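Please read the structure below before turning to the comments.
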Amino acid sequence: MLSRVANRIYWMGRYLERAENMARLVNVNAHLLLDLPQRVAVGWRPLVEILGSEDLFETLHDEYDERSVVRFLIGEQKYPSSIISALAGARENARTVRDIIPREAWEQINELYLNARKQLQSAYGQRKRYDYLNSIILGNQQITGLLAGTMNHDVAYDFLRIGRNLERSDMTTRIIDVRSADLLPVEGDLSPFENIQWMSVLKSLTAYQMYRREVRLQVRRADVIAFLFRDQRFPRAVYHCLCTVADCLQQLPHNEDALRQVGHLQRMISDLKPEAIDQQQLHRLIDDYQHGVAELNGLIATSYFWTGARAEASH
Amino acid sequence: MTIRWKDYKASGFHDELIRGGGRPRDAARFLTRWLSQLKDDEILERKAAAELAIQVMGITFTVYSEEGGSIDRAWPFDIIPRVIAKQEWDGIEAGLRQRVQALNLFIDDLYHDQKVIRDGVFPRELLADSVNFRKQCIGMNPPLGVWAHICGSDLIRDKDGQVYVLEDNLRVPSGVSYMLENRKVMKRVLPELFEDAYIQPVDDYPSQLFDMLASLSPRVVEHPEVVVLTPGIYNSAYFEHAYLAQQMGCELVEGADLVVDKDDCVYMRTVDGLSRVDVVYRRIDDLFLDPEVFRKDSIVGVPGLFRAWQKGNVALANAPGCGVADDKVVYAYIPDIIKYYLGEDALLPNVPTFRCNDPIQRKHVLANLDKLVVKPANESGGYGMLIGPQASKRACQEFARLIRNDPRNYVAQPLIALSTAPTLVDTHAEPRHLDLRPFILSGRDMYVTTGGLTRVALRKGSTVVNSSQGGGSKDTWIVDLEGH
């Protein structure tokens, strides 16, 4: 298969997943803010920080107020990870591989982008924001299902799943990071709210029900961390995503470097001790993990996409 | 109400299906009789079926806009086919073979000894002025000595019924995918008429194309790697590029997918690594093909591709430089060119063409500007043309000045009254003007499509057949009444 086509499909998968998870990320913060008392409310700045996008944000806005951050994360065209930019990226990549993906998939992706853009204003007000974000999440779920059910499960499909799962694991760690220590002030007694907060993280990942089925205990920090990082059955858990990436890589030629890096990341996750790790250590681990994903992305690009000569197709 | 041929009048023009008084031509009789049996709602039903088929099959041409993304417009199509008797078509086909054979000999000669110039048949100064002559190609010997592997020639018919060649497209002629898809649509819409095997099939074009391309391979291997090189999704003919690649089972590549390595061979970048390419069916103009040799700002080309071709490590179809034979001034010499190389008279006539570089012919042109069509040599798509009978006095004076200043750059032709064919308007048929573009393949053997792409001007009285300007198309039936 042509490298260009593989590259575009990989990024189509990543961008779609990024849009969905960005919607989840905004959702979790909104819920968190509703659950926390005013005196400990952290506002919206942490969201921009865990995405590592403060520099760009500050060139566009003076304050980290709700309105600015929400605009930035959802509708900012200059920010390549905003929902609108991610959907535009998915659409441009999908357009160039229209002969590889089923026609309906292209139509759905096109429509998701056009609708997201048309309804953008409704995302900025609080009242309709949840509906807007939910429609992004469901729209991507629909595309995922359509591709699973109608596209040949061939090499192209492997690249799609690699892109989707790498992006998903990265974003799952960012969503967990919203709840991470150095972002939340430890002043006063937060413990009454502890459970509520972890519950909102679970819910934003559509993980609450599955967590209850697996864990059957009340919502506890260590259990949630164990579940979201290490679970092998929940499809948004980091470890599960890595296993999927490894499975797909197994189907591809000269996969040694990329597989080695996946193994490295898998060990990083399975060595994690949920009971012992404090919030700062967790935050550092998440950082390390995200760097590891970036490295894996680079290895995949060198092995399959010839991106030395054509970096323009990626970010 | 139904289609009543007695009411159908194409006065002043040759009609492809109907003679005077509503009587059908022999080859079209089975069609017109069948059509006149359809009731209004049946006609509309068939028309809707065609539109649906076009939508479902995804036959589109692309117009891109940043706002709405790419708009794939449905291909405008008329369900009444254009019919040509096989006996007549055989003559046209022979004429096309003769013509393209001579054109290839002419191109090869221009890049070698230029005998045609030394023998005084073709003026040297015209070659010096040609924007499509590539001096980089001098001395090249493409495989099988063929330069123009795929040619699309536009045919028109005048009111006396005579078929003329209007122009030859030797660079990147397009439209063949629509010819193939039109037939598929018709088989869905009017299946009854295909039951009698009068209508000659068209669908072996992709395999003929593939075999021809594969025969150019510089490597003797069982499965040469043939690729279709497209400028990309924003090109208006992208549908066709993707379609032909798919039909031939080839990779559709963009310039950045190909790389010329230190061994001067062409490779494509795949997830398995570099993979050797033998034949490139390029749908990119010469000037954008290789930034090392032609336009340096080309981002759709492949650096080193020309070098690989010069070394004989890859075949390019069509060969670079073959466009030298399709400018309007060369056109005027084609009957002489056929005579010179083949010792035969042209079987298919040119539209009579006056060359303004000849003093006597120029005098005639200047005296009759209001009756002639004047064309510059090196423009295409109807740019910079004067249509005398429809032009103002001032425009004629302006052209007289242009011709006097640069006579070699102009030719003039009488205005041809394009033939018509019945075309569905609501539930009845009206005459609309059309042309025909057959495609001619040249490799070890030659192949001519059975018929070609009929383009029709859907607007009443219009002779503009381009799809971007209100043109559509029809299926083209070569009908064998003698039974086989």
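Structure notes:
- Of all residues in region B:295-306, those that are farther than 16 Å from residue B:230 by Cβ and either free of Cβ contacts under 8 Å to residues at least 60 places away in the same chain or small (Gly, Ala, Ser) (or both) total 5.
So that you can scan it fast, the table gives a plain yes or no per residue for (1) touching a strand residue (DSSP E or B) at 6+ places or on another chain (Cβ under 7 Å); (2) crowded, with 24+ Cβ neighbours inside 10 Å; (3) not aliphatic (A, V, I, L, M); (4) not in a loop (DSSP other than H, G, I, E, B):
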{"residue": "A:6", "(1), (2), (3), (4)": "no, yes, no, yes"}
{"residue": "A:13", "(1), (2), (3), (4)": "no, yes, yes, yes"}
{"residue": "A:18", "(1), (2), (3), (4)": "no, yes, yes, yes"}
{"residue": "A:26", "(1), (2), (3), (4)": "no, yes, no, yes"}
{"residue": "A:32", "(1), (2), (3), (4)": "no, no, no, yes"}
{"residue": "A:43", "(1), (2), (3), (4)": "no, no, yes, no"}
{"residue": "A:52", "(1), (2), (3), (4)": "no, no, yes, no"}
{"residue": "A:57", "(1), (2), (3), (4)": "no, no, yes, yes"}
{"residue": "A:62", "(1), (2), (3), (4)": "no, no, yes, no"}
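- Subset tally (residues that are of a type in the set (Ser, Thr, Tyr) and under 19 Å from the mean Cα position of the chain (by Cα)) for region A:135-151: 2
- Subset of region B:307-317 (residues that are surrounded by fewer than 24 Cβ atoms within 10 Å (Cβ to Cβ) and either under 18 Å from residue B:112 (Cα atoms) or without any contact (Cβ under 8 Å) to a residue 60 or more places away in the chain (or both)): B:307, B:310, B:311, B:312
- The strands (runs of 3 or more DSSP E) found entirely in region B:212-319 that carry 1 or more residues being at positive phi are B:273-276.
- Each residue in region A:38-87 was checked for being free of Cβ contacts under 8 Å to residues at least 24 places away in the same chain and in contact with a Gly (Cβ under 7 Å, 6 or more places away or on another chain), and 1 pass.
- Residue match in region B:428-442 (condition: among the hydroxyl-bearing types (Ser, Thr, Tyr), over 25 Å from residue B:120 (Cβ atoms) and in a loop (DSSP other than H, G, I, E, B)): no
- Looking only at region B:250-280, and only at residues there that are under 26 Å from residue A:249 (Cα atoms) and more than 8 Å from chain A (Cβ to nearest Cβ), the one that is farthest from the chain's Cα centre (by Cα): B:274
- For region B:293-300, the count of residues that are within 14 Å of chain A (Cβ to nearest Cβ) and of a type in the set (Phe, Trp, Tyr) is zero.
- Strands (runs of 3 or more DSSP E) (entirely within region B:41-120) containing at least 2 residues that are at pLDDT 95 or above: B:77-85
- Yes/no for residue B:332 being touching a Ser or Thr at 6+ places or on another chain (Cβ under 7 Å) and more than 14 Å from chain A (Cβ to nearest Cβ): yes
- The residue of region B:374-433 that is nearest to residue B:326 (Cα to Cα), among those that are of a type in the set (Val, Ile, Thr) and surrounded by 16 or more Cβ atoms within 10 Å (Cβ to Cβ), is B:411.
- Unmet requirement for residue B:466, which otherwise passes all of (1) in contact with a Leu (Cβ under 8 Å, 6 or more places away or on another chain); (2) within 19 Å of residue B:177 (Cα to Cα): (1)
- Residue in region B:217-237 that is touching a strand residue (DSSP E or B) at 6+ places or on another chain (Cβ under 8 Å), among the aromatic types (Phe, Trp, Tyr) and within 14 Å of another protein chain (Cβ to nearest Cβ) present: yes
- Near pairs, Cβ below 8 angstrom, 6+ apart or cross-chain, from region B:133-145 (charged (D, E, K, R)) to any residue that is in a loop (DSSP other than H, G, I, E, B) and crowded, with 20+ Cβ neighbours inside 10 Å: B:134/B:320; B:134/B:321
- Taking the criterion of being out of contact with any strand residue (DSSP E or B) (no Cβ under 9 Å at 6 or more places or on another chain) and touching a residue at least 60 places away in the same chain (Cβ under 8 Å), the residues of region B:182-196 that qualify are B:184, B:188, B:192, B:196.
- Wholly enclosed helices (runs of 4 or more DSSP H) of region A:191-275 bearing at least 3 residues under 22 Å from residue A:300 (Cβ atoms): A:238-250, A:256-270
- Listed by position, the helices (runs of 4 or more DSSP H) contained in region A:77-175 that have at least 2 residues being away from every other protein chain (no Cβ under 14 Å) and touching a Ser or Thr at 6+ places or on another chain (Cβ under 8 Å) are A:126-150.
- Failed condition for residue A:186, given (1) modelled with pLDDT of 95 or more; (2) exposed (fewer than 14 other Cβ atoms within 10 Å of the Cβ): (1)
Residues are listed down the side, and each one gets a yes or a no for (1) over 18 Å from residue B:156 (Cβ atoms); (2) in contact (Cβ under 8 Å) with a residue 24 or more places away in the chain:
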residue	(1), (2)
B:365	yes, yes
B:370	yes, yes
B:375	no, yes
B:384	yes, no
B:396	yes, yes
B:400	yes, yes
B:409	yes, yes
B:421	no, yes
B:430	yes, yes
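The values are calculated or read from the model by the stated rules, or taken from the named source; none is laboratory data. For clarity, every value in this text was computed on a predicted model and none was experimentally measured. Cβ: placed from backbone, ideal geometry, glycine included. Neighbour counts: every protein chain shown.
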